Every structure is written in structure tokens, then in C-alpha cells.
Amino acid sequence: MSTPVLILNGPNLNLLGEREPETYGAATLRDVVERCSRVAEDIGLNVEARQSNHEGRLIDWIHEARTTTAGIIINPGAYTHTSIAILDALNAYDGPVIELHISQVHRRESFRHHSYVSRRADAVMAGFGVHGYELALRHIATLLG
Ligand code: CA2
């Protein structure tokens, strides 16, 4: 088995598919993880998916990922726009990092236009809907060779 890619989702993303389908679509987080697992199998990757509503827990998982994962796909939720602590944790991570947003954040409120995480991310995706997770996985596969 290859070293896994971590798919990390931040606050409120556990509600995917339950609220605001016009912004975030109808798929649940479980659907997203299932699709990613299938894609990962096709392209010879392994995925591990985690979600938390707590900043510190996300940071602990990023620290743990330093020795256990080959790359990180992160949707930090609203912490994108507020968390220097998550940026610092990602700065201590050596593998590829892709920042992902389901919605096209630059078309939304101005407070969603700035991202701390983007200073570390090797690639940033926004507006691809939940399909973005699969695209990010394929991109990380090319980065990992
Ligand atoms: O577009 C994205 O993926 C976001 O990272 C989602 C965050 C938002 O704060 C960012 O600005 C952009 C919010 C996640 C909330 O997720 C929900 C999903 C379904 C229902 C309610 C909230």
C-alpha cells in the first residue's frame, strides 16, 4: 500500500449535502470520500479523510501527517480566512499541499477573498464543486510522480 494522501476538511463541512445545496451541492462528505477512494484506487493512491470543526484538532492532524502522509488536500472551511495557526502547521509540512474550496470564493463576500493557507499551498482550487476533490487527487498524483 502507498503512503496515503490526507484529505482534510474543516468546520461545517460535515453538513455537506444537508444545507445550502445551491452553494455546496447535494453530495454528502461521505459521498465525496467514497468517490475519492474509488479514484485513488484507479490511480494507485491511498486516501485517508478526516473532518473536524476544531482548529487544534486540524493542526494536530497536520503535524501527524508530517510522518504518515505523502500529501495533503485541505479545505480549511472558514479557517482559510482566519487561521495563521493552520498556515504555521502547513509550513512545517514538507509534502505537496493543495488548498481546495467547493465554491468560487472570489465571487462571494470580500472576507472570503483572502486566504492565509494560500501562502503555503502548491495549488489552489475554487469553484469546481465537490468534483474539485477528485481533480485535486489526480493533480497530487502527478506531483508525487
Ligand atoms: O467553498 C468552500 O469550500 C469553503 O471553504 C467552505 C466554507 C467557507 O467558509 C469558505 O469561505 C469556502 C464553509 C463550509 C460550510 O460548509 C457547509 C456545507 C453545507 C452546509 C452548510 C455549510
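Each value in this text was obtained by applying a stated rule to the coordinates, not by laboratory testing. Given the structure is predicted, the values throughout are model-derived calculations rather than measurements. Quick reminder, even Gly has a Cβ in these numbers, built from the backbone with ideal geometry, and neighbours come from all protein chains shown.
Can you list residues whose amide H is under 5 Å from residue 16's amide H, if they're 5+ apart or on another chain and H is modeled 1.01 Å from N?
Under 5 Å from the amide H of residue 16: 29.
Do the sum for the chain: with -39,500 (n - 2.57) for every DSSP H run of n ≥ 4, divided by all residues, what is the mean residue ellipticity at 222 nm, to the nearest 500 deg cm²/dmol?
Mean residue ellipticity, 222 nm, calculated: -11000 deg cm²/dmol.
Filter the GluC sites (Glu not before Pro) in the stretch 1-40 down to the DSSP loop ones having no more than 14 other Cβ atoms within 10 Å, then list what survives.
Passing both the DSSP loop test and the Cβ count: 18.
Can you list residues from other chains, or at least 5 along the same chain, whose modelled amide H is less than 5 Å from the amide H of residue 125?
Here the answer is 99, 100, 101, since their amide H atoms fall under 5 Å of that of residue 125.
Please state the charge dipole magnitude for the chain, taken about the Cα centre, from unit charges on C-beta atoms (+1 on K and R, -1 on D and E), reported in debye and rounded to the nearest 20.
Its charge dipole is roughly 220 debye.
Taking the stretch 95-145, which GluC sites (Glu not before Pro) meet the DSSP loop condition and have no more than 12 other C-beta atoms within 10 Å?
Sites meeting the loop and neighbour criteria: 109.
What is the order of 105, 124, 117, fewest Cβ neighbours within 10 Å to most?
124, 105, 117
Note the direction-averaged projected area, equal to a quarter of the hull surface, for the Cα convex hull of the chain, in nm².
Details: hull surface 30.8 nm².
That works out to 7.7 nm², a quarter of the Cα hull's surface.
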